[in-house]
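One structure follows; several queries about it will come next.
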């Protein structure tokens, strides 16, 4: 937040002091914060308070309780509006609405699970790429390039010969080497 000539300016606020979410002066309320008593919630959802009680009894709404009084959140109001739309505009009964809402919750839970699995997969992919990079880097140190067509002398070709010229043969029995067979 910067201050200019005694005025505070909040980033993300328009000149009227309303942020993009529509709340004033930087106050951000979560959608599931229980704010409204039943009469206010009913007015906001354009239903009778008894309708909200019925929706709660049927398991369609689950308002929070504060000092044993129902408190409805913005999410509860939106849910009530959706229920009204499904029942009045589409002609679905409350049992059907309950099934739809349950399916929506299941779908959202599955979407969260898919997102978590995608993140896990991406992390595993990055780890595998890093391991492949490390293995390739280690191979660069182990592999010595030999130009094509260059003749290797037998002394250079035998990896078991020491610098003194003596060494252990990979073929422990005389006459068992590939050269002696031909």
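Restrict the check to the range 43-65 and report whether at least one residue is surrounded by 14 or more Cβ atoms within 10 Å (Cβ to Cβ), at pLDDT below 95, in contact with a strand residue (DSSP E or B) (Cβ under 7 Å, 6 or more places away or on another chain) and assigned to a helix (DSSP H, G or I).
yes
Additional query: Within the range 71-82, is there a residue that is at pLDDT 90 or above, over 34 Å from the mean Cα position of the chain (by Cα) and surrounded by 16 or more Cβ atoms within 10 Å (Cβ to Cβ)?
No: the range 71-82 contains no residue that is at pLDDT 90 or above, over 34 Å from the mean Cα position of the chain (by Cα) and surrounded by 16 or more Cβ atoms within 10 Å (Cβ to Cβ).
Here is a follow-up. Condition test on residue 114, is it at pLDDT 95 or above, under 30 Å from residue 46 (Cβ atoms) and in a helix (DSSP H, G or I)?
no
Still on this structure, please answer the following. Report every pair of residues separated by at least 6 positions or lying on different chains whose Cβ atoms are under 7 Å apart, first residue within the range 53-65 and in the same structural domain as residue 84 (by TED's automatic domain parsing) and on the phi > 0 side of the Ramachandran plot, second exposed (fewer than 13 other Cβ atoms within 10 Å of the Cβ) and not in a loop (DSSP other than H, G, I, E, B).
If the second residue must be exposed (fewer than 13 other Cβ atoms within 10 Å of the Cβ) and not in a loop (DSSP other than H, G, I, E, B), no pairs are left.
The values are calculated or read from the model by the stated rules, or taken from the named source; none is laboratory data. Bear in mind the structure is a predicted one, so any value in this text is a computation, not a measurement. Cβ: placed from backbone, ideal geometry, glycine included. Neighbour counts: every protein chain shown.
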